[in-house]
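**Student:** This is the structure, below, for whatever I ask next.
The values are calculated or read from the model by the stated rules, or taken from the named source; none is laboratory data. Because the structure is a prediction, the values reported are computed rather than measured. Every residue, glycine as well, gets a Cβ built from its backbone with ideal geometry; the counts of neighbours run over all protein chains shown. For accessibility, only protein heavy atoms count, side chains too; no ligands or nucleic acids. Shrake-Rupley method; radii C 1.70, N 1.55, O 1.52, S 1.80 Å.
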Amino acid sequence: MEGTPPPQMPATGPVTPGGMPPRPEKASGLATASLVLSILGIFCCSVPALAGVVIGIVELGNIKKGQSSIKGQSMAKAGVIIGIAALVINLILAIVLVATGDYSWEFNTGS
């Protein structure tokens, strides 16, 4: 049949030059590290929380510049917020411990 176009392949979405479909975009490791370190900073000393805040701020800057995936933005923000909260909690705890002079972790159960 003359005049009819040749059959075409069905559209399946974007394809990379190698013929494979692109990998789904996911949050970066920095955003994950920020959140994990900040949560760890609640239960440990303030060092992991401080690291989580710094890494989260760096990752938010990378996201703003377009150098990192937008999918990690909420995780990095949560890492910064939780890290700051952990730092404040640890600071208040340190002030109370110094002010009272009671450095023991024994709880009086009344018996």
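**Student:** Test each condition in (1) within 10 Å of the chain's Cα centre (by Cα); (2) over 15 Å from Ala33 (Cα atoms) for Ala76 and report the one that comes out false.
**Tutor:** It fails just one condition, (2).
**Student:** Pull up region 88-104, narrow it to residues that are touching a helix residue (DSSP H, G or I) at 6+ places or on another chain (Cβ under 8 Å) and open to solvent by 50 Å² or more (accessible area, probe 1.4 Å), then point me to the one that is farthest from Ala33 (Cα to Cα).
**Tutor:** Tyr103
**Student:** Take Met1 and decide whether it is modelled with pLDDT under 85 and over 25 Å from Leu93 (Cα atoms).
**Tutor:** yes
**Student:** Applying the selection to region 43-87, what residues are aliphatic (A, V, I, L, M), under 13 Å from Ser28 (Cβ atoms) and either open to solvent by 100 Å² or more (accessible area, probe 1.4 Å) or in contact with a strand residue (DSSP E or B) (Cβ under 9 Å, 6 or more places away or on another chain) (or both)? It would help to see each step written out before you state the result.
**Tutor:** So in region 43-87, the residues aliphatic (A, V, I, L, M) come out as 47, 49-51, 53-55, 57-58, 60, 63, 70, 75-76, 78, 80-82, 84-87.
After this cut, where a residue has to be under 13 Å from Ser28 (Cβ atoms) as well, the list is 55, 58, 60, 63, 70, 75-76.
Hit for region 43-87 is Ile70, nothing else.
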